[in-house]
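The values are calculated or read from the model by the stated rules, or taken from the named source; none is laboratory data. Just so it is clear, the structure is predicted and the values come from calculations on it, not from any experiment. Neighbour counts run over all protein chains shown; Cβ positions are idealised from the backbone, glycine included. For the accessible areas, the whole protein counts, side chains as well, though only heavy atoms, and no ligand, DNA or RNA atoms are used. Shrake-Rupley method; radii C 1.70, N 1.55, O 1.52, S 1.80 Å.
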Amino acid sequence: AGTTGASDTATSSAPDPSGDLEAAVRKYSSAFLTGDGSTAYALLSKRCQTEMPLSDFAAITEQAADTYGDVSIKSLNVVVDGDKGTATYTYPVVTLNQTEQPWVNQEGWKWDAC
């Protein structure tokens, strides 16, 4: 019984990459759809930040906020494989749905679908 308890403790304190990715997806989605360009931009991979300046990205988030408003994720499934992951998620607005959207772990999960 003592071994099971130790195992449970170790498991509960271990990092949860799937949970971390899910949290990053939710944070990115909320920031993007509320026009918080700075927060959403900070969740882009280095590669994506290189391809798009913050000013351009902020304009896109403002347009998304005007078009869709603060729409919450309805369902979310993430898959983690090392430092890469994918997220499939749906919204009440079908045009926002994402399938196997690529994410990369660069000192935290970053959106990499640029």
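Data overview
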item: Among (1) farther than 15 Å from THR90 by Cα; (2) open to solvent by 30 Å² or more (accessible area, probe 1.4 Å) - the single one LYS74 does not satisfy; result: (1)
item: Given (1) touching a helix residue (DSSP H, G or I) at 6+ places or on another chain (Cβ under 9 Å); (2) surrounded by fewer than 18 Cβ atoms within 10 Å (Cβ to Cβ), number of the condition LYS110 does not satisfy; result: (2)
item: Pair list, Cβ under 8 Å, 6 or more apart: segment 101-114 residue within 8 Å of LEU44 (Cβ to Cβ), other residue open to solvent by 40 Å² or more (accessible area, probe 1.4 Å) and among the hydrophobic types (A, V, I, L, M, F, W, C); result: CYS114/MET52
item: Selection from segment 49-61 of residues that are under 16 Å from the mean Cα position of the chain (by Cα) and surrounded by fewer than 18 Cβ atoms within 10 Å (Cβ to Cβ); result: GLN49
item: Residues located in segment 77-96, provided they are exposed (fewer than 15 other Cβ atoms within 10 Å of the Cβ) and not β-branched (Val, Ile, Thr); result: ASN77, ASP81, GLY82, ASP83, LYS84, PRO92
item: Whichever residue in segment 20-43 is under 18 Å from TYR89 (Cβ atoms) and in contact with an Asp or Glu (Cβ under 8 Å, 6 or more places away or on another chain) and, among such residues, is surrounded by the most Cβ atoms within 10 Å (Cβ to Cβ); result: LEU33
item: Hits in segment 59-114 - residues which are over 18 Å from SER38 (Cα atoms) and small (Gly, Ala, Ser); result: SER72, SER75, GLY82, GLY85, ALA87
item: Residue count, segment 80-100 (criterion: touching a residue at least 12 places away in the same chain (Cβ under 8 Å) and either touching a Gly at 6+ places or on another chain (Cβ under 6 Å) or among the acidic types (Asp, Glu) (or both)); result: 2
item: Residue within segment 62-69 that is surrounded by fewer than 17 Cβ atoms within 10 Å (Cβ to Cβ) and either touching a strand residue (DSSP E or B) at 6+ places or on another chain (Cβ under 7 Å) or within 15 Å of GLU22 (Cβ to Cβ) (or both) present; result: no
